[in-house]
Amino acid sequence: MTFLFEGFLEGLQMVFQGNPAVYNAAWVTLKVSFGSTLIASLIGLPLGYFLASSSFRGKGFFTVLLQTFLGFPTVVIGLLVYGFLSRRGPFGFADLLFTPSGIVIGLVILAFPITTMFTMTAVSGIDPRAREMALTLGASRQRTAWTLFKEVRFGLISALLASFGRVASEVGIAIMLGGNIEGYTRTLTTAIALESMKGEFGFGIALGLVLLTLIFITALLSRYVQKL
Amino acid sequence: MSRNFKDALIELEGIKLGFQQRLILDVEQLQISQGGLTVLTGANGAGKTSLLRVMAGLQESDQGKIRFKGDTVSYGSQGLEHRRKVSMLQQEPYLFSGSVLKQVCYGPISHGLNQGIEEKARQALEAVGCLGLVNRHTRQLSGGEKKRIAYACLLALDSELLLLDEPTAQVDQESSEKIRKLIQMQLDAGKTLVVSTHQPEWAKPLKPRLCMLEYGRIVSDTRWN
C-alpha cells in the first residue's frame with residue numbers, strides 16, 4: 001500500500017511541477033486523439049446517418065461487418081497498418097511509419113466503427129415524424145439530416161466521446177505505428193507502459209492522472225455542448 | 001370525382017400503395033381544383049393519412065402518377081420542389097427541440113427566405129392565437145398547443161396546397177373551433193386545403209367537397225352544401 005501511495009504522491013508532484021516529459025506525452029496524445037476522432041467523425045457521422053436512413057441490399061451484412069470492426073483487436077489493426085506503411089508496403093513511399101500521422105491512421109480505423117454504430121443507433125431511434133416534419137416544411141435532404149443530427153445531439157456527442165476515450169487510451173496501435181519516440185510519438189499510454197516496465201511507478205501514475213484529466217475535461221466540454 | 005379537370009391543382013391517377021402485402025391505397029382518379037376544401041373521411045385504416053402523405057410527396061406510391069399543376073411529381077431528392085409547394089400538418093405533430101419561434105421559422109428558412117422570417121413567424125403565431133408562446137420550449141407545450149404551433153408552421157410558409165391530417169383529433173372544443181376558423185380564413189384567401197377527419201360534420205359549415213374512403217378506395221365524392 002505504501003508503494004501505491006508513494007507512487008501516487010510522486011505522480012501528483014510531477015504533474016504540478018510541470019514535468020516536461022509528462023506534458024510532451026500529453027500534447028502528443030491530444031494531437032493524435034483529436035485528429036483521429038475528427039477524421040473518424042467525418043466518416044462515421046454521415047455513414048451512420050446513411051445506414052440508419054436508407055435501405056439497400058447488403059445493409060445487414062455491412063452492419064455486421066462494422067460490428068466486427070468494433071471488436072477488432074488493436075494489435076491486428078496496428079499490424080495491418082504497419083504492413084501498409086512500412087518501407088516494403090504499398091504506402092512506404094509516404095514515410096508515415098513512426099510519425100504522429102501514422103498513429104492517426106491506425107486510430108481512425110479503430111474509431112470510425114464506433115462513431116458509425118453510435119450514429120446509426122441514435123438516428124434509428126429518432127421519431128419518424130421528425131424527418132417528415134422537416135421534409136414537409138421544405139427542408140432539403142442535407143438540412144433534414146442536420147436537423148435530425150441536432151435532435152439526437154446527445155447520442156452523437158456520446159459517439160464522439162466514446163471514440164475520443166477509446167483512441168486516447170489506446171496502446172497497441174500507438175506503439176506499433178508510432179514507435180514510442182520521446183517528444184514525437186510518445187503518447188501518455190505508451191509512456192505509461194514503458195515507465196511502469198522500468199519500475200517508474202510514480203511517473204506512470206503522473207501520466208495516468210493527466211490522461212484521466214484529459215478525458216474528464218472532454219466529458220465536461222461535451223456536457224456543456226449538449227446544453228447549448 | 002371532381003369534374004372540372006382544367007384548373008386541377010393536383011391530380012392523382014392509378015395510385016396504388018401496398019403495405020405488408022395488403023393494398024392500403026387504390027385511387028383510380030382524383031382531381032383537386034385550385035381553391036376550396038376537400039374533406040377525406042372514412043374509418044381507421046381507410047387510407048386517409050396514406051393518401052395525404054402521397055400527395056405531400058412524403059410517400060411514393062407503388063404505381064400511378066401524381067401531377068401538380070400539370071407537372072409530374074417526383075420523390076426523394078428530386079421531390080424538393082413539390083414539397084415546397086405542399087405542406088402537411090401531421091395528426092400528432094412533431095416539433096423540433098428549441099423555442100416555438102425557432103420552430104415556426106424553420107419552414108421559411110428551409111424555403112430559402114432570408115428576410116422578414118421572424119415577422120412572418122410572429123404573424124402566423126398570432127393567427128393561431130399562440131403569440132404568447134413565442135419563447136416557450138416546444139417540449140413544454142400541450143397536445144392542442146403543439147397542433148396550433150404546427151399549423152402556424154404551415155401558415156408561415158404560404159404553401160399552395162395545405163394537407164391537414166385529423167386537425168381536430170385530441171383537441172378540445174375551443175381549439176377545434178379555432179382550427180375551423182383558420183381553415184375558413186385560408187379558404188377566404190383562395191387557398192386549397194385537403195383535410196382528413198373522422199368527424200366530417202365538423203367541416204360542414206365550410207361547405208367542403210366530401211370524399212369517403214373505404215379500404216383505400218374513394219367510394220363516394222360529393223359536394224356538401
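Within the stretch B:83-112, being over 26 Å from B:Val54 (Cα atoms) and surrounded by fewer than 24 Cβ atoms within 10 Å (Cβ to Cβ) holds for B:Ser97, B:Gly98, B:Ser99, B:Leu101, B:Lys102.
Within the stretch B:133-161, track down each residue that is under 20 Å from A:Thr136 (Cβ atoms), in contact with a strand residue (DSSP E or B) (Cβ under 7 Å, 6 or more places away or on another chain) and part of a loop (DSSP other than H, G, I, E, B). Matches in the stretch B:133-161: B:Leu157, B:Ser159, B:Glu160. Within the stretch A:38-53, does at least one residue satisfy the condition of being in contact with a Gly (Cβ under 9 Å, 6 or more places away or on another chain) and within 24 Å of A:Ile109 (Cβ to Cβ)? Yes, that holds for at least one residue. The residue pairs whose first member lies in the stretch B:73-97 and is more than 15 Å from B:His111 (Cβ to Cβ) and free of Cβ contacts under 8 Å to residues at least 60 places away in the same chain, whose second member is in a helix (DSSP H, G or I) and among the hydroxyl-bearing types (Ser, Thr, Tyr), and whose beta carbons are closer than 7 Å, counting only pairs six or more residues apart or on different chains, are B:Leu95/B:Thr138; B:Phe96/A:Thr147; B:Phe96/B:Tyr106; B:Phe96/B:Thr138; B:Ser97/B:Thr138. Residues of the stretch A:99-126 that are modelled with pLDDT under 95 and either over 19 Å from A:Phe72 (Cβ atoms) or of a type in the set (Asp, Glu) (or both): A:Ala122, A:Val123, A:Ser124, A:Gly125, A:Ile126.
Per the listing B:Ala56, B:Ala46, the residue uniquely more than 8 Å from chain A (Cβ to nearest Cβ), at pLDDT 90 or above and surrounded by 14 or more Cβ atoms within 10 Å (Cβ to Cβ) is B:Ala46.
Among the numbered conditions (1) over 23 Å from A:Ser54 (Cα atoms); (2) within 13 Å of chain A (Cβ to nearest Cβ); (3) touching a helix residue (DSSP H, G or I) at 6+ places or on another chain (Cβ under 6 Å), the only one that B:Lys85 does not meet is (3). Of the residues making up the stretch B:111-121, those that are in contact (Cβ under 8 Å) with a residue 12 or more places away in the chain and over 11 Å from B:Ile149 (Cα atoms) are B:His111, B:Ile117, B:Glu118, B:Lys120. Every test in (1) within 25 Å of the chain's Cα centre (by Cα); (2) surrounded by fewer than 23 Cβ atoms within 10 Å (Cβ to Cβ) is passed by A:Ile103 save one, and that test is (2). Can you go through A:Val152, A:Val167, A:Val225 and tell me which one is β-branched (Val, Ile, Thr) and modelled with pLDDT under 85? Sole residue among the options that is β-branched (Val, Ile, Thr) and modelled with pLDDT under 85: A:Val225. Do we have B:Gln199 as under 29 Å from B:Ala121 (Cα atoms) and among the polar types (S, T, N, Q) here? For B:Gln199, the condition - under 29 Å from B:Ala121 (Cα atoms) and among the polar types (S, T, N, Q) - is not met.
The residue that is farthest from the chain's Cα centre (by Cα), counting only those in the stretch A:42-73 that are among the aromatic types (Phe, Trp, Tyr) and farther than 19 Å from B:Ser77 by Cβ, is A:Phe61. If you scan the stretch B:109-140, which residues turn out to be facing another protein chain (nearest Cβ under 10 Å) and within 17 Å of the chain's Cα centre (by Cα)? Within the stretch B:109-140, no residue meets the criteria.
For the stretch B:162-184, the criterion of being surrounded by 19 or more Cβ atoms within 10 Å (Cβ to Cβ), of a type in the set (Asp, Glu), at pLDDT 90 or above and assigned to a loop (DSSP other than H, G, I, E, B) is met by at least one residue. Within the stretch B:73-82, being farther than 16 Å from A:Met133 by Cβ and either surrounded by fewer than 21 Cβ atoms within 10 Å (Cβ to Cβ) or at the interface with another protein chain (Cβ under 9 Å from one of its Cβ atoms) (or both) holds for B:Ser74, B:Tyr75, B:Gly76, B:Ser77, B:Gln78, B:Glu81.
Selection over the stretch B:88-108 of residues that are within 18 Å of the chain's Cα centre (by Cα) and either at the interface with chain A (Cβ under 8 Å from one of its Cβ atoms) or not polar (S, T, N, Q) (or both) gives a count of 11.
The values are calculated or read from the model by the stated rules, or taken from the named source; none is laboratory data. Nothing here was measured: the structure is a model prediction, and the numbers come from that model. Here the Cβ is made from the backbone with ideal geometry for all residues, glycine too, and neighbour counts use every protein chain on show.
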